[in-house]
Amino acid sequence: MDLQEKLKILADSAKYDASCSSSGSNRKSKHGVGNTALSGICHSFASDGRCISLLKILFTNCCIFDCKYCLNRRSNSIKRAIFTPEEVCSITLNFYRRNYIEGLFLSSGILKSPDYTMELIIKTVSLLRHKYHFHGYIHAKAIPGSSQKLVKELGLLVDRLSANIELPTENELKRLAPNKTSQNVSSIMNYVNQNQSKKYVPAGQSTQMIIGATKESDLDIMNKSASLYRSFHLKRVFYSAYVPINKDSYLPSIICPPLTRENRLYQADWLLRFYHFQVKDLLDFKHPNFNTMIDPKADWALRHFDEFPKEISTCSYYDLLKIPGIGVKSAKRILTARKHFTIHFEDLKRMGVVLKRAKYFILCNGKYFINHKWFQKEWIEKNLVLEEKIEKEENNMEQLRLF
Amino acid sequence: MNHVYVYDGDYLSLLNTIFYLLKTNQKVENIKPENYSPTLFENIIHFNIPKQDHLLDQIIQSFGISVARAMYYVFLSEEEKKELLLYYFVYYALKYRKKIMYQRNLKCVREVLRISNYVLHESHKLKGFLRFQELQNHLLYAEMSPTNDILFLLSCHFSKRLKNEFWIIKDVKRKIISIYDKKKFVILSEREFKLSLEKENDQEKMIEDLWKTFYNTIGIQERKNDRCRMNFMPKKYWKYITEVRDEL
Ligand code: SF4
């Protein structure tokens, strides 16, 4: 099999992994090849609009396990391939020198045993770092079930390490991935969390959950995320809408991946990490799933309507953060700007506020953006739903035109 | 008659002109680089003032490093009246000093912010989109045609990233090239340095094909979204991007 075909197979098998980010590491090179950029760099954008920054491949798509949702499971009859460590190095270096990529994202199916696979990954990465003096970004998957000694070794070589939690509850994991336990995954996370430093996994760890392959509610998912952020200080939890690749009585029969839901989860995840929201603010047993019509922050604001409208010139930083359409950056800008001049609606736009959402919830110097009598929940809700619909339709129109 | 003051074309000479004009209280209608072609109603004014190297330090010290950067980025832009804009900006900056960027009610402050962000943004994008080819003797070569004059900014980036390589980056639009020799880079005009490059080469084609294979495989068909792709990677750059060039 030639290299072209191998790459095609092993990139194809890796593409459902959502994480692509190459940020958070600041590696400098004295000798050798490359460095990493703290803010991350996107080198290209794929046909689905996702950023390409890393050479995302599997070492092999052969696997002894049979996870129901996975393309590479043992019981699927697909073409299989295995790279050699030198092949991975050569592709990575050649791509990096031409500025195609920021680095390597290496994952793998399980060959023989978790330890055996981990050793292959370590061998590859260590060749890159020590023989070829590659200082670009490396993100590697830690294989659940491998020994702690290997997790330790791998962590010293890479920028980011991740172990996928896959599903939010233990029960569903048992049902769909009978060879995996969440215990295996959390013991890796725990070890990385306790040892993380400038030398060990400097860009931190992340994980991924598959959305929509099982019956769990958004509340289950968010609770799981919150607990992962809390216990292991993960940098990111990625959500990946389930793409129906396998037919199986264990799996829901859907045609389209649940992209709106995935989007809502990312929005809510953002609220947890940067906006001081808690899961219980957003969801509860009565409302276990996000509103598909309105984004989580606007939805929250409508449910706490009596706290609005907020006065831009006086309200606190935390209150600013609760306003739909205002982000961390724009909130900080407002804070410094209002010391120096009175802010008007026109100024807000320049500060990065998304006015078409924010305007419904704020006052500027006591003034609402139109007559104050329109400040009514039903009217605002209707407008927000409409806005979302228009945005979505614009996107869909584009998709229709393509087919 | 409009009075137009001209400067050498480099940044330091522009700063010199601006500070001289402010000091001597001249009436200023426009400032332009030397090679600019005036209209009938314009009266060109040259003056030979000694260049003061310390002006850059002075700007950094009195306005702060981020203001100094923003001013330089504006200079790199293609904005029609960037020189005049910088003139007004310096006028107010001398008044407000380090607080100048908070004066958002001044149009020149808003413009400097907007334009400098735009230049910075483009240079960040091209850090990702620039594509090198390997020519004979391991020389890496890239072409681009950016809206703003970001060759210097990119050269700084790649002299760190591709530290141990020989590389050349060419701005096709401005006919200037940056040459790096594993120690430092110099920027020359095409007139000063003739490039003769042999481009076709099998090994290179093989690697480009590998990359195209990867690119075409990694997109998920079920999630195809061309609008999104175009937003992030505008068509104007495609000509020089290996993996999408053929789609044009
Ligand atoms: S272990 Fe990984 S590669 Fe193997 S079947 Fe499960 S998810 Fe797929």
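The values are calculated or read from the model by the stated rules, or taken from the named source; none is laboratory data. Worth saying up front: this structure is predicted, and the values here are computed from it rather than measured. A quick note on method: Cβ atoms are made from the backbone with ideal geometry, for glycine too, and the neighbour counts reach across all protein chains shown.
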- The one condition A:Leu106 fails out of (1) within 14 Å of the ligand (Cβ to nearest atom); (2) part of a loop (DSSP other than H, G, I, E, B) is (2)
- Note on the structure: Exception for A:Glu87 within (1) away from the ligand (no atom under 15 Å from the Cβ); (2) away from chain B (no Cβ under 14 Å); (3) surrounded by fewer than 18 Cβ atoms within 10 Å (Cβ to Cβ) falls at (2)
- Task: Name every residue in the range B:112-162 that is within 10 Å of the chain's Cα centre (by Cα) and among the β-branched types (Val, Ile, Thr), in order of residue number.
- Result: B:Val119, B:Thr147, B:Ile150
- Filter the range B:6-31 for residues that are among the aromatic types (Phe, Trp, Tyr) and touching a helix residue (DSSP H, G or I) at 6+ places or on another chain (Cβ under 6 Å); the one that is farthest from B:Asn43 (Cα to Cα) is B:Tyr11
- Out of the range A:43-64, which residues are more than 16 Å from the ligand (Cβ to nearest atom) and touching a residue at least 12 places away in the same chain (Cβ under 8 Å)? A:His43, A:Ser44, A:Arg50, A:Cys51, A:Ile52, A:Ser53, A:Leu54, A:Leu55
- Task: Please specify each residue of the range A:257-291 satisfying the condition of being part of a helix (DSSP H, G or I), of a type in the set (A, V, I, L, M) and at pLDDT 90 or above.
- Result: A:Leu265, A:Ala268, A:Leu271, A:Leu272, A:Val279, A:Leu282
- Residues of the range A:192-208 being touching a helix residue (DSSP H, G or I) at 6+ places or on another chain (Cβ under 9 Å), away from the ligand (no atom under 16 Å from the Cβ) and either closer than 24 Å to A:Asp269 by Cβ or within 14 Å of another protein chain (Cβ to nearest Cβ) (or both), in sequence order, are A:Val192, A:Asn193, A:Gln196, A:Val201, A:Gly204, A:Gln205
- Exactly one of B:Glu165, B:Glu122 is closer than 21 Å to B:Arg245 by Cβ and of a type in the set (Asp, Glu), and that residue is B:Glu122
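Per-residue answers, yes or no, for (1) among the acidic types (Asp, Glu); (2) at the interface with another protein chain (Cβ under 10 Å from one of its Cβ atoms); (3) under 28 Å from the mean Cα position of the chain (by Cα); (4) closer than 26 Å to A:Leu58 by Cβ:
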site	(1), (2), (3), (4)
B:Val172	no, no, yes, no
B:Lys182	no, no, yes, no
B:Phe185	no, no, yes, no
B:Leu188	no, no, yes, no
B:Leu195	no, no, yes, no
B:Lys205	no, no, no, yes
B:Asp209	yes, yes, no, yes
B:Cys228	no, yes, yes, yes
- Task: Please go through the range A:115-133 and pick out each residue that is of a type outside the set (Lys, Arg) and surrounded by fewer than 23 Cβ atoms within 10 Å (Cβ to Cβ).
- Result: A:Asp115, A:Tyr116, A:Glu119, A:Leu120, A:Ile122, A:Ser126, A:Leu127, A:His130, A:Tyr132, A:His133
- Show the residue pairs that are 6+ apart or on different chains and have beta-carbon atoms under 7 Å apart, the first residue being within the range A:184-203 and within 13 Å of A:Ser162 (Cα to Cα), the second being of a type in the set (Ser, Thr, Tyr). A:Pro202/A:Ser25; A:Ala203/A:Ser25
- Item | Among residues of the range A:120-149, those that are away from the ligand (no atom under 16 Å from the Cβ) and in a helix (DSSP H, G or I), counted | 12
- Task: Looking for whichever is surrounded by 12 or more Cβ atoms within 10 Å (Cβ to Cβ), more than 14 Å from chain B (Cβ to nearest Cβ), without any contact (Cβ under 8 Å) to a residue 60 or more places away in the chain and under 26 Å from B:Leu113 (Cα atoms) here; the options are A:Leu335, A:Leu321, A:Leu348. Which one fits?
- Result: A:Leu321
- Task: Please indicate, with yes or no, whether at least one residue in the range A:65-76 is away from the ligand (no atom under 13 Å from the Cβ), more than 23 Å from B:His121 (Cβ to Cβ) and of a type in the set (Phe, Trp, Tyr).
- Result: no
- What are the residues in the range A:150-167 that are away from the ligand (no atom under 16 Å from the Cβ) and part of a loop (DSSP other than H, G, I, E, B), if any? A:Leu156, A:Leu157, A:Val158, A:Asp159
- Query: So A:Thr117 clears everything in (1) among the β-branched types (Val, Ile, Thr); (2) touching a strand residue (DSSP E or B) at 6+ places or on another chain (Cβ under 6 Å); (3) within 16 Å of the ligand (Cβ to nearest atom) except one condition, right? Which one?
  - Reply: (2)
- Does B:Lys236 meet the test of being at pLDDT 95 or above and more than 7 Å from every other protein chain (Cβ to nearest Cβ)? no
- Task: Quick one: which residue in A:Gln278, A:Gln376 is in the same structural domain as A:Pro258 (by TED's automatic domain parsing) and out of contact with any Cys (no Cβ under 8 Å at 6 or more places or on another chain)?
- Result: A:Gln278
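Matching residues to (1) touching a Pro at 6+ places or on another chain (Cβ under 7 Å); (2) not β-branched (Val, Ile, Thr):
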position	(1), (2)
A:Lys152	no, yes
A:Asp159	yes, yes
A:Asn164	no, yes
A:Ile221	yes, no
A:Ser231	no, yes
A:Lys235	no, yes
A:Ile245	no, no
- Among the residues of the range A:99-114, write down those that are of a type in the set (D, E, K, R) and surrounded by fewer than 23 Cβ atoms within 10 Å (Cβ to Cβ). A:Lys112
- Message: When you check A:Ser182 against the structure, is it more than 14 Å from chain B (Cβ to nearest Cβ) and either more than 16 Å from the ligand (Cβ to nearest atom) or modelled with pLDDT of 90 or more (or both), yes or no?
- Response: no
